[in-house]
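Below is one structure, written out as structure tokens; comments come after it.
The values are calculated or read from the model by the stated rules, or taken from the named source; none is laboratory data. If you're wondering where the values come from, they're calculated on a predicted model, not measured in any experiment. In this analysis, Cβ positions are derived from the backbone assuming ideal geometry, glycine residues included, and neighbour counts consider all displayed protein chains.
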Amino acid sequence: MYKLLIIEDDAVIAKAIQQHMMSWGYEAVCVENFQEVLQTFIAQNPQLVLLDISLPFYNGYHWCDEIRKLSKVPIIFISSASDNMNIVMAVNMGGDDFVAKPFDLNVLQAKIQALLRRTYDFAGDSTLLEHNGMIFDTSKGVVTYDNNRTELTKNEMGILRCLLEQKGRIVTRDKLMEKLWESDSFIDDNTLTVNVARLRKKLEEIGVKDIIKTKKGIGYVVD
């Protein structure tokens, strides 16, 4: 099931889109706090975003730019500001399509279906994991923090993903090695130690410090 994130401050329009798309089997979530649009995007991890231009606090162009720093998720602008300048700007900011208000919900649905098909028939879903402002894109192996980024190796990706998915719980060394073996990575106890050290160094270089804590004789934890 595809999840849609609706960033629209007109509650009537937002609910109408949500109900229509849910009736066709989509999961649809409406942003409620327009000061925390990016946080909602990260938490919901949608496969497509519907984005109005005129919003409280920051406009749609701002949020499109913020989302594009983290993800290539398809974005459809929906706006009554449908002059050529706004359409061109929407596309230049990273939008994939533009639908002018007022619109027919069936037309919007057709555009959403077509864009989802083009995007995901040939590419896997992107998954974002967040922790205290650090964002890990597991599909690209890229970690971003405070406008800094670093790329991880396959083993480093596996370690960080496992720790973030078990956030707050200790992951034993044996469990980490088992997970990496499942992904066809050759790893033993010494190799794990080396990979954790390299991962910590990369994270520290972009400003993420002391995120991975060692539980002596047991394993590691992110809390």
Worksheet item: Looking at this structure, is Tyr2 crowded, with 17+ Cβ neighbours inside 10 Å and either under 27 Å from Asn148 (Cα atoms) or not charged (D, E, K, R) (or both)?
Response: yes
Fill in: Contacts under 8 angstrom Cβ, first residue in the stretch 192-213 being over 15 Å from Met134 (Cβ atoms), partner part of a helix (DSSP H, G or I) and basic (Lys, Arg), 6 or more apart
Leu192/Arg173
Worksheet entry | Unique match (being part of a loop (DSSP other than H, G, I, E, B), over 24 Å from Tyr120 (Cα atoms) and free of Cβ contacts under 8 Å to residues at least 40 places away in the same chain) among Asn86, Asn33 | Asn33
Item to complete: Kindly indicate whether any position in the stretch 59-69 is more than 24 Å from Leu128 (Cα to Cα) and not in a strand (DSSP E or B).
Response: no
Item to complete: Using the structure shown, decide if Thr214 is assigned to a strand (DSSP E or B), on the phi < 0 side of the Ramachandran plot and surrounded by fewer than 17 Cβ atoms within 10 Å (Cβ to Cβ).
Response: yes
Discussion item. Would you confirm, using the coordinates I've provided, whether Pro56 is outside any helix (DSSP H, G or I) and either assigned by TED's automatic domain parsing to the domain that holds Val143 or closer than 16 Å to Thr119 by Cβ (or both)?
Written reply: no
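Residue-wise test of (1) within 28 Å of Val143 (Cα to Cα); (2) out of contact with any strand residue (DSSP E or B) (no Cβ under 9 Å at 6 or more places or on another chain).
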residue	(1), (2)
Glu32	yes, yes
Val37	yes, no
His62	yes, yes
Ile67	yes, no
Ile76	yes, no
Asn92	yes, yes
Asp96	yes, no
Val99	no, no
Discussion item. Just to verify a result, which residue in the stretch 70-83, among those that are over 14 Å from the mean Cα position of the chain (by Cα) and in a loop (DSSP other than H, G, I, E, B), is nearest to Leu4 (Cα to Cα)?
Written reply: Ser80
Worksheet item: In the set Leu5, Leu38, which member is modelled with pLDDT of 95 or more, among the hydrophobic types (A, V, I, L, M, F, W, C) and either assigned to a helix (DSSP H, G or I) or more than 16 Å from Val107 (Cα to Cα) (or both)?
Response: Leu5
Worksheet item: Do any residues in the stretch 157-181 that are over 14 Å from Ile211 (Cα atoms) have Cβ atoms under 7 Å from those of residues that are assigned to a loop (DSSP other than H, G, I, E, B), where the two are at least six apart or on different chains, and which pairs are they?
Response: Met157/Thr138; Met157/Gly141; Gly158/Ser183; Gly158/Ser185; Thr172/Ile218; Met177/Ile187; Leu180/Ile187; Trp181/Ile187
Worksheet item: Which of the residues spanning the stretch 171-188 are β-branched (Val, Ile, Thr) and modelled with pLDDT under 80?
Response: Ile187
Worksheet item: Can you tell which of Glu27, Glu32 is surrounded by 15 or more Cβ atoms within 10 Å (Cβ to Cβ) and more than 14 Å from the chain's Cα centre (by Cα)?
Response: Glu27
